[in-house]
Each structure stands twice: as C-alpha cells, then as structure tokens.
Amino acid sequence: MKQLKGEYTVKISFAHSFIEDTPYHLEGPVVSMYFNTHRLSSNFKIDQKSFKNHLKTVKSKLKDITDTKVSARIMEPLEELLVDTSFWIYNQDACAIFVNEKECVIFRLVEPIIETIVVSDSVYIKPLVRLNQRMDHYFILGLSKDSFEVFEVYNNKIEPFVFEDTIAKTLKEVLGEDKTESFMTHGNYSHVSNRGTFHGHGGQKEETDIDTEKFFRYVDKTVSTHVSSLQSLPVVLCSLNKNQQMYRRYAKDTNLLKQGIDTSFESISLDEIKQMADDIILKENTKRYQTLQQQAKAALASNRYSDQINEIIKSIHDETIEKLFIEEGQKLIGVIDKEKQVYEYISNDNDVYDDLAEMCLKRKIPIYILPRQFMPTSTHIFAIINK
C-alpha cells in the first residue's frame, strides 16, 4: 500500500479473488481504466507515455460530467502515478485502475485486456469478470519420475515458471542419497510413518515405487503451495501415462485438469507442449460454456427465466435470481432508477449490464460473460429465475 498526498491511498493488488477485492464502495464519479502494460522493466517509458495519453481521455470525460475541483481531486493520484518510476518498472501485462475523489485502487493483471476508460457512478467490472472466468491463462506441469518443471501459458506465450532457489525440483534433491530412508524422516510430505506401511520387503522395484510416490506427493504439495494457491488457474499435466496415473492417485490440487498430455515433457519442444495443452483448454472452455447453455435452456423450457431488463433488475433486487448471463462485448447505456427499480435510457458513459454484474456479485449471485453462440436467446442478457 502506498500513501499519497492528503487522504488518497493506492492499493496494489495481485489477488485473483477480485470479487472480494474490487472496491464496490467507491461512489461516483468513478473513473475505471483498463490498459495494457509491459512485463519488461526496460519498456516502462512506453507504458508511461501511453498512460499519459489515457489521462487526457480521463480529463476530457470528467470535464463533461463534473466541476473542475472534483476533477482535480480525481486526477491527483493518477498524475502522481504517471511520474512514479518505481510503480512502472514492476508491471504485468495490464492494469485496472478505479479512482474517485478519495481513493485509487490498482490491479495488476497477468494478461492483456481490451483498453477501456469509463466514467460512471460506480466501478466498471465486466472486464474483470470476463478475465476471471477465462481459461487461456494456465499452467503446465511437466513431470517425470525424477524431476518436474512448471510452465506458465499467457498472452499466447509459454515460459518456465520461476520458483524460489530453495525449491527442489528433482527426486535426488528431495529424497537425498539414501532416498527411501532419507525421505521417511520428512513428515511434511508424507503421512507414512515407516516402511512397514507398504507391502513387500524392500525390493528394488518397490523401493523405486515408494520413492516415486513420495516425490510425486512432494511435487503436488509444491505446485499447490507455490503456484495454485497464488493463482487459481487450470493446471495441465504433461507426463507419461503410467506417471500420470500414479500422480493423480495422490494429487490434491483442485486446479489439476482431468485430461492431460500423455507424453514425456522432456521429449518434445515447448511449442509442441503448448499446442497440445491449448487443445485441452479449448475443449474445457467449450464444455463449460455448453454446460451453462444447457442449464439456461432447461430454465427456458420450464419458464424459469427472463431476458427482459426490468424483470431481471427486479429479480436481482428481490434475490430470486439463480444465475445471470451477459453476452460478451455488449453494453446497455443508461441507468437504473433505484427507487422504481427499472432501466432508464440516458446518454452517458454508464453500462447498465455492468451495474447488474456488480449487483449480482455483491449478493454472491453467479454471473457469466458468454460468447454470442452460447447465449440461450437472441437477447444480450438472460437470467435463470427461482419461481
């Protein structure tokens, strides 16, 4: 957290549970900025120059809806950020900034985004909702009987995931020279108290299987702790089939996908691994969208739905809505009359679909941004209603 002049605060958040972190409490006018940045610190001046141009757009939008004093208070933390080199040299692939007169909240995003600037009565969150449900940012776990590597796929690139130097990545490093005996002393990675737990009497094959099991348990715990717990993203396992079967038997990582790549990660190139993993992710995405579409069509058939804006507004307010679907890339300009709970068209910068998304998230109602082909009706919005 960085303290700015006066009462302003900037929160730098890397959290992926954005639903809890998004500053819904900000009151308008609120500036919501989404813009791309560079991971390489050597490109920070490019990002600063781009941000400077974005600030011109922000000023222009504020000029149309508020007075000079309010505009100046909103611009102050943004202008400080512009010249804060320490902020720009540690960027990810994009940023989301929400700012009003009292607070400025920043999310560093780990994948590029469609650049958008919105000034409205509340934060504009639809792009974050969309990012949160996308699966084209994921990890690949390359596993053999005696070593492992993790690769991160994002922005159509694949790169090795960098662990801390203290993290062991080979069986020998984990188990030591006297593998089985040495490992049995490490209670953190096994609930097995002695070798008598296993069948047999210590033959070479059994010793190897025991060591492999312990190593696989260690890998699962390491990936869960240092990767999945920090970024709740899909994990694709790339390993020989016999290793996959054994690893999955003990793996507890809930992000591990059921389908994997049945080959040695050491025998193919990174590009080949990525291509195979992309196919798996595409199937998972399609399967998930189809499941949601089937749920919506079932509600349609049983008349437990609405695709009318005012009915949906009322259902959210009454908390009789089960799920909300919004078509990707669509907006509805206007406002919601809070007293009458109806939609009203006003020519402004506010997206009513985004307001509905925020209302749902505050009430912990599931919301999904779907591609056009998976929407259940011809409208841009659809809700499953509990009737």
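Points worth noting:
- On inspection, I261 qualifies as of a type outside the set (S, T, N, Q), buried (at least 18 other Cβ atoms within 10 Å of the Cβ) and over 30 Å from R108 (Cα atoms).
Condition check ((1) hydrophobic (A, V, I, L, M, F, W, C); (2) assigned to a loop (DSSP other than H, G, I, E, B); (3) closer than 12 Å to K145 by Cα; (4) touching a Gly at 6+ places or on another chain (Cβ under 8 Å)) across all residues:
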{"residue": "V227", "(1), (2), (3), (4)": "yes, no, no, no"}
{"residue": "L233", "(1), (2), (3), (4)": "yes, yes, no, no"}
{"residue": "K252", "(1), (2), (3), (4)": "no, yes, no, no"}
{"residue": "I273", "(1), (2), (3), (4)": "yes, no, no, yes"}
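- Spans of helices (runs of 4 or more DSSP H) in segment 15-123 with at least 3 residues touching a helix residue (DSSP H, G or I) at 6+ places or on another chain (Cβ under 8 Å): 44-65, 68-82, 85-88
- Scanning segment 57-103 for residues that are at pLDDT below 90 and of a type in the set (A, V, I, L, M, F, W, C) gives I65, F87, I89, A94.
- Listed by first and then second residue, the pairs with beta-carbon distance under 7 Å, at least 6 apart or on different chains, first residue in segment 245-263 and closer than 14 Å to V219 by Cα and assigned by TED's automatic domain parsing to the domain that holds I273, second crowded, with 16+ Cβ neighbours inside 10 Å and among the acidic types (D, E), are M246/E213; Y250/E213; Y250/D220; A251/D220; K252/D220; D253/D220.
- Annotation: of all residues in segment 25-43 being more than 24 Å from the chain's Cα centre (by Cα) and not acidic (D, E), the one that is surrounded by the most Cβ atoms within 10 Å (Cβ to Cβ) is P29.
- Residue match in segment 80-102 (condition: under 25 Å from V335 (Cα atoms) and surrounded by fewer than 19 Cβ atoms within 10 Å (Cβ to Cβ)): yes
- Residue tally, condition under 22 Å from V30 (Cα atoms), in contact (Cβ under 8 Å) with a residue 60 or more places away in the chain and within 21 Å of the chain's Cα centre (by Cα), over segment 345-387: 7
- Residue selected from segment 124-142 under the condition assigned to a loop (DSSP other than H, G, I, E, B) and surrounded by 21 or more Cβ atoms within 10 Å (Cβ to Cβ), by the criterion modelled with the highest pLDDT: Y124
- Cβ-Cβ contacts under 8 Å between residues 6 or more apart (or on different chains), taken from a first residue in segment 281-310 that is farther than 16 Å from L324 by Cβ and surrounded by 16 or more Cβ atoms within 10 Å (Cβ to Cβ) to a second residue that is polar (S, T, N, Q) and modelled with pLDDT of 95 or more, are listed as E284/Q259.
- Failed item in (1) among the β-branched types (V, I, T); (2) under 23 Å from K287 (Cβ atoms); (3) touching a Lys or Arg at 6+ places or on another chain (Cβ under 7 Å), with I385 passing the rest: (2)
- Residue within segment 59-75 that is surrounded by 18 or more Cβ atoms within 10 Å (Cβ to Cβ) and closer than 21 Å to L109 by Cβ present: no
- Any chance Y247 is modelled with pLDDT under 95 and of a type in the set (F, W, Y): no
- Considering segment 143-167, the residues that are more than 15 Å from I273 (Cα to Cα) and free of Cβ contacts under 8 Å to residues at least 24 places away in the same chain include one that is surrounded by the most Cβ atoms within 10 Å (Cβ to Cβ), namely V162.
- Answer from E152, E173 - the residue that is of a type in the set (D, E), closer than 29 Å to E284 by Cα and at pLDDT 90 or above: E152
- Residue in segment 264-272 that is assigned by TED's automatic domain parsing to the domain that holds I210, without any contact (Cβ under 8 Å) to a residue 40 or more places away in the chain and under 26 Å from the mean Cα position of the chain (by Cα) present: yes
The values are calculated or read from the model by the stated rules, or taken from the named source; none is laboratory data. Given the structure is predicted, the values throughout are model-derived calculations rather than measurements. Positions of Cβ are backbone-derived with ideal geometry, glycine not excepted, and every protein chain shown enters the neighbour counts.
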